[in-house]
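Worksheet: the structure to be examined is printed underneath.
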Amino acid sequence: DAKTTQPPSMDCAEGRAANLPCNHSTISGNEYVYWYRQIHSQGPQYIIHGLKNNETNEMASLIITEDRKSSTLILPHATLRDTAVYYCIVRVPNAGGTSYGKLTFGQGTILTVHP
Amino acid sequence: DAGVIQSPRHEVTEMGQEVTLRCKPISGHDYLFWYRQTMMRGLELLIYFNNNVPIDDSGMPEDRFSAKMPNASFSTLKIQPSEPRDSAVYFCASIKNRDRANYGYTFGSGTRLTVV
């Protein structure tokens with residue numbers, strides 16, 4: 001899996017958009033970008049993923065640069081409940097063999113949403 | 001759907017005792033994963049199953065750890081004998097094979113194990 005780089009921490013005011021960056025300059029053509037988050041004392045939660053097009057769901061938007069070397073997760077209206085560690089993961093979704101289950105979580109970005 | 005259910009939520013045991021962690025995956029999911037999370041090492045994959053069969057156990061730390069999946073709705077992770085360095089949060093996750101390219105994994109709430 002390609003290595004990712006994220007800022008260790010970010011702050012955001014409640015109600016404002018939170019933009020979380022991720023660098024993945026060594027991403028290969030068949031690797032997707034996945035975002036998970038982990039709220040304190042809970043298991044990781046899937047947010048969104050994409051290959052090269054921008055994606056949006058009920059939780060967030062994902063913007064991937066044209067060269068695919070970086071991406072941004074956008075929480076359009078952050079709430080206090082969005083305070084969590086956000087992980088950017090790059091991998092091949094259908095990787096077979098022993099690499100299938102290995103979601104490699106880095107240190108992530110601690111997002112703190114304040115009133 | 002109740003999601004992935006793990007029990008117990010917290011476990012405190014003495015060194016040398018046997019510990020059994022339990023997981024019930026989401027109905028219809030055919031892949032099940034056991035992860036361990038510590039401050040030092042982050043989230044690590046221990047083992048995963050496909051259709052109740054263990055596929056990759058290369059992440060299991062040592063022979064003291066064992067995992068079983070006797071049926072599609074239940075899995076256990078056993079540590080015998082337990083040691084203080086096994087203290088961690090253990091997560092179970094599941095996914096449906098045909099969804100793996102379109103959705104993420106669903107994780108349980110974890111079991112916080114403390115070995116004293």
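The values are calculated or read from the model by the stated rules, or taken from the named source; none is laboratory data. Everything numeric in this text was worked out from a predicted model, so none of it was measured. Reconstructed Cβ throughout: ideal geometry from the backbone, glycine too, with neighbour counts over all protein chains shown. For the accessible areas, the whole protein counts, side chains as well, though only heavy atoms, and no ligand, DNA or RNA atoms are used. Shrake-Rupley method; radii C 1.70, N 1.55, O 1.52, S 1.80 Å.
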Check: Looking at region B:1-111, what strands (runs of 3 or more DSSP E) fall wholly within it and have at least 2 residues that are at negative phi, touching a His at 6+ places or on another chain (Cβ under 8 Å) and open to solvent by less than 30 Å² (accessible area, probe 1.4 Å)?
Finding: B:88-95
Checklist line | Sole exception among (1) under 24 Å from A:Tyr46 (Cα atoms); (2) at pLDDT below 95; (3) within 11 Å of chain A (Cβ to nearest Cβ) for B:Cys92, by number | finding: (2)
Check: On the given criteria, is B:Leu113 touching an Asp or Glu at 6+ places or on another chain (Cβ under 6 Å) and modelled with pLDDT of 95 or more?
Finding: yes
Item checked: Checking B:Val116 against (1) farther than 25 Å from A:Ser41 by Cβ; (2) more than 14 Å from the chain's Cα centre (by Cα), the condition it does not meet -> (1)
Next item on the list: Any chance you could count how many residues in region A:56-72 are within 13 Å of chain B (Cβ to nearest Cβ) and at pLDDT 95 or above?
Entry: 2
Note to self: Going through B:Glu83, B:Glu62, B:Glu44 one at a time, which residue ends up being of a type outside the set (S, T, N, Q) and at pLDDT 95 or above?
What the structure shows: B:Glu83
Next item on the list: Please work out which residue is modelled with the highest pLDDT, limiting yourself to region A:73-94 and to residues that are under 21 Å from A:Thr26 (Cα atoms) and open to solvent by 20 Å² or more (accessible area, probe 1.4 Å).
Entry: A:Val92
Item checked: Sole exception among (1) modelled with pLDDT under 95; (2) open to solvent by less than 60 Å² (accessible area, probe 1.4 Å) for A:Thr26, by number -> (2)
Item checked: Matching strands (runs of 3 or more DSSP E) fully within region A:1-62 where at least 3 residues are closer than 17 Å to B:Tyr105 by Cα, touching a residue at least 40 places away in the same chain (Cβ under 8 Å) and not basic (Lys, Arg) -> A:32-38
Item checked: Residue check, A:Gln38 within 9 Å of chain B (Cβ to nearest Cβ), open to solvent by 60 Å² or more (accessible area, probe 1.4 Å) and not β-branched (Val, Ile, Thr) -> no
